[in-house]
Amino acid sequence: MDLGISGKRALVCAASKGLGRACALALAQEGVHVTIVARGREALEATAAEIEKLGAGGTVAVAADITTPEGRAAALAACPRPDILVNNAGGPPPGDFRDWTREDWLKALDANMLTPIELIKATVDGMIERRFGRIVNITSGAVKAPIDVLGLSNGARSGLTGFVAGLARKTVGHNVTINNLLPGLFDTDRIRGVVGAQAKAQDIAYEAALAARVATIPAGRIGDPAEFGAACAFLCGAQAGYITGQNWLLDGGAYPGTF
Ligand code: NAD
């Protein structure tokens, strides 16, 4: 299926590794010119080189923290008029809400709610003028089924979800859609770190800790980031113009609800 977005420009945040990287690769495979942003230069440049090999050309790598005003300014200077925006950043740490200070909350809100909103604000009017725009926010399955130790994530991402639900209905008339992708368990550095820490805490092998997590997933396996990237590319495609304000759960059936 040709997604009809060859030659478009995308800004993909937090994209040197994991899910952001998978989205950038999938878009580049469709002929999109991709600007990727991440903090660490080494992994960023390795991913940029991989994207460039796909042949779309025009790949730009910006080493910046997307959760800071300076980082967002650098990203937007490199890609001032994106047709596609993929919002992503690292998730907040786990913990008990009794220990979280106002500063901890502001950090989570900045990273997982206000940063995407700022980037939407900076780019959506240009998309509306050009009558094409696709915005995808990487959130979390925690938006549908909260994870108790991730209260900062449950709260901040739900705030973004509520905001997007309203705005997505105002932009779609201009062929600008805004949707959220909710990952369940995907095989990324972050998840390898989380599962590794669980294995250590329980004094069991990494494989045993992973098997215990996978046992809760009807698909019987962890997700491949490439599957996530493919869903993102589809939502960014020309054919997806009638899909907006949606929360797509990609979790191998782990969420048990009917809706
Ligand atoms: P990852 O650690 O594998 O990759 C994160 C990427 O984001 C890296 O490229 C890193 O450099 C970049 N990054 C992080 N913070 C940044 C910042 N402030 N500015 C710029 N770049 C930044 O993580 P992942 O597994 O791909 O997760 C991506 C997002 O999805 C996170 O918010 C995570 O909480 C969420 N999530 C992931 C899963 C999963 O199964 N992988 C599940 C639920 C939610």
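The values are calculated or read from the model by the stated rules, or taken from the named source; none is laboratory data. All figures in this text were calculated on a predicted structure; none of them were measured in a lab. Note that each Cβ is placed from the backbone with ideal geometry, even for glycine, and that neighbours are counted across all protein chains shown. In case anyone asks, the SASA skips ligands and DNA or RNA and just uses the protein heavy atoms, side chains included. Shrake-Rupley method; radii C 1.70, N 1.55, O 1.52, S 1.80 Å.
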Shape category assigned to region 83-238 from the gyration tensor of Cα positions, a/c cut at 1.5 | oblate
What figure in square angstrom, to the nearest 10, would you give for the accessible area of LYS170 with a 1.4 Å probe?
-> 150
How high is the relative contact order of region 32-111, in percent, with contacts defined as C-alpha pairs under 8 Å that are six or more residues apart?
-> 26
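Can you classify region 163-259 as rounded, prolate or oblate using the Cα gyration tensor, where a ≥ b ≥ c are the square roots of its eigenvalues, rounded means a/c under 1.5, and otherwise it's prolate if a/b beats b/c and oblate if not?
Details: a/c = 2.80, a/b = 2.65, b/c = 1.05.
It is prolate, given that a/c is not under 1.5 and a/b is the larger ratio.
Hey, can you find the accessible area per residue of the chain for me, probe 1.4 Å, expressed in square angstrom? Each step should come with its number before you reach the end.
Details: 12220 Å² over 259 residues.
With the other protein chains kept in place, the chain gives 47 Å² per residue.
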Sequence-distant residues sharing a close amide H with ILE178 (under 5 Å, placed H) = ILE135, GLY245
Sorted by number, the cysteines in the chain with no other cysteine beta-carbon under 4.7 Å are CYS13, CYS79, CYS236
Lysines whose Cα lies under 27 Å from that of LYS170, excluding same-chain neighbours fewer than 8 positions away = LYS8, LYS121, LYS144
Length-normalised contact order of the chain in % [C-alpha pairs under 8 Å, at least 6 apart] | 21
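Relative contact order for region 204-259: what is it in percent, counting Cα pairs under 8 Å that are at least 6 residues apart? Mind dumping the intermediate values first?
On the way: 22 pairs, mean separation 27.0, N = 56.
Across region 204-259, relative contact order equals 48 percent.
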